[in-house]
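Structure first, commentary second.
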Amino acid sequence: MAECILCGSRDGVIVLDLGAQPSPRHWPLPTDPLPDPTHALAMRLCHGCGLAQLDADDTTEPEVPVPEPRAVVDQARRAVADLGRLGHLDGRATVVEFGSPHGGSWLPLLDLVSTDGPADLVVDSFGLMHERDLPAALARRSGALAGDGLAVFLIQPLGDIVAQRAWTALRHGHHGYFTLTSLRNALGTVGITPTSVLRYDLYGGVAVVIASRGGEPDADLLAAYDDEARRGLAAPEGLACLADAVSASTNRLRSYLESHRAAGTRLFAYGAASKAVAELAMVGDASGAILAVGDASPAKQGRCMPGSRVPVISPEALVAADPAEVLLLLPDLHDELLATHPSLAGRVVVPGAGPTGTSRPIPPGGAATCPGTPGRNAGDR
């Protein structure tokens, strides 16, 4: 058992084990030799500090840069507006940002001067989850924060992942899966206290945690801690539904793909997301029903989905192929896809929950999974 990336304890338990899976950092060319390399992929829950984390990660490739989806930009804009409305930006002049290696930044939205710190505001946008050495990462954030400064942390809480049974959130390169409680414990090691939380529906549920030195949690945040305790999110039993969802989810997707291949449907997909890598690999040969996956990232176009080897093409090539159906791998991309390519309206679908693998169109104005289907969320591209 590896050491906890936060407290160093070896007292933990595997709560989700996907076996050996291809890395979402390795996007092969069609001519690269098969099979693609695979790596152990499991989530471990530390009994010492309650942090759910990647059990081990021997992948070494850098993350592939991707264009920031409109849904992510819109969420950041709403969060900054809410911080201003609540007075959290009043009197602040400087900012330090710790961002995601996938790209994206809040800095263009903030009328503040970027500095090396100490700063009035520290922003962490999905940064902590990518850190292999949390004590060192927390020390850097604490060192960047002025004594009376404010820190905000954007996370996808583990409680939301569990509520959706979104097991695809587990991927190489994502080392920490924080509950609000385990984030409180982590920040407490460097003298920072969460005081409030803002919720948004991006990726099926994200949270902006507002924190400072010497602050006190408000009533809503205390209630959130109580809810996580009631749900048992620091115990293996509280996370068991993630493992339970894997076979049901992959069986539904396999059935959907096999039925479309048998019918000769010109099926394409959209969103070559890192979190779709394991799911497509786990359905085996059925993934061959997808003729190609459209994606806006030039770094992925001309390459293949790791493991399944489904070709990745540009959105324009996807439209030109005139697909009968487009399987949306990232529901948050729905509005952006149809805004830029309205000719696909009525052809964008998600797998259904029925035993025959039926599908249904996503209604205009919002993306949703079918009833009973574990949530498929982007998290990152």
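Annotations for the structure displayed:
- Meets criteria (under 20 Å from PRO194 (Cα atoms), surrounded by fewer than 19 Cβ atoms within 10 Å (Cβ to Cβ), modelled with pLDDT under 95 and in the same structural domain as VAL197 (by TED's automatic domain parsing)) for GLY87: no
- Residue within region 68-78 that is closer than 27 Å to HIS175 by Cβ and not in a helix (DSSP H, G or I) present: yes
- Single unsatisfied condition, GLN21 versus (1) out of contact with any strand residue (DSSP E or B) (no Cβ under 6 Å at 6 or more places or on another chain); (2) farther than 25 Å from ARG141 by Cβ: (1)
- Test: residue in region 343-352 that is at pLDDT below 90, over 18 Å from the mean Cα position of the chain (by Cα) and part of a loop (DSSP other than H, G, I, E, B): yes
- Test for ASP11: is it modelled with pLDDT of 95 or more and not assigned by TED's automatic domain parsing to the domain that holds ILE155: yes
- Failed item in (1) under 24 Å from the mean Cα position of the chain (by Cα); (2) among the acidic types (Asp, Glu); (3) at pLDDT 95 or above, with ASP201 passing the rest: (3)
- Cβ pairs under 9 Å, 6+ apart, first in region 212-227 and hydroxyl-bearing (Ser, Thr, Tyr), second in a loop (DSSP other than H, G, I, E, B): SER212/ILE192; TYR225/THR179; TYR225/PRO217
- For region 104-123, the condition of being under 22 Å from the mean Cα position of the chain (by Cα), at pLDDT 95 or above, under 28 Å from LEU239 (Cβ atoms) and surrounded by fewer than 23 Cβ atoms within 10 Å (Cβ to Cβ) holds for none of the residues.
- Residues located in region 248-296, provided they are surrounded by fewer than 19 Cβ atoms within 10 Å (Cβ to Cβ) and farther than 18 Å from LEU344 by Cβ: ALA248, ASN251, GLU258, SER259, ARG261, ALA262, ALA263, GLY264, GLY284, ASP285, GLY288
- Only one of the numbered conditions (1) under 25 Å from SER297 (Cα atoms); (2) touching a Gly at 6+ places or on another chain (Cβ under 6 Å) is not met by CYS46, and that is (1).
- Residues (among the hydroxyl-bearing types (Ser, Thr, Tyr) and either more than 13 Å from LEU16 (Cβ to Cβ) or touching a residue at least 12 places away in the same chain (Cβ under 8 Å) (or both)) located in region 232-256: SER249, THR250, SER255, TYR256
- Taken together, the criteria exclude TYR225 from residues that are surrounded by 20 or more Cβ atoms within 10 Å (Cβ to Cβ), hydroxyl-bearing (Ser, Thr, Tyr) and at pLDDT 95 or above.
- Pairing residues of region 290-305 that are assigned by TED's automatic domain parsing to the domain that holds LEU329 with residues that are polar (S, T, N, Q) and not in a loop (DSSP other than H, G, I, E, B), at Cβ distances under 9 Å and at least 6 apart in sequence or on separate chains, gives ALA296/THR340; MET305/SER287.
- Extreme residue, farthest from HIS39 (Cα to Cα), among residues of region 82-103 that are of a type in the set (A, V, I, L, M, F, W, C) and within 23 Å of the chain's Cα centre (by Cα): LEU83
The values are calculated or read from the model by the stated rules, or taken from the named source; none is laboratory data. Keep in mind it's a predicted model, so treat the numbers as computed, not measured. Every residue, glycine among them, receives a Cβ derived from its backbone with ideal geometry; neighbour counts consider all protein chains shown.
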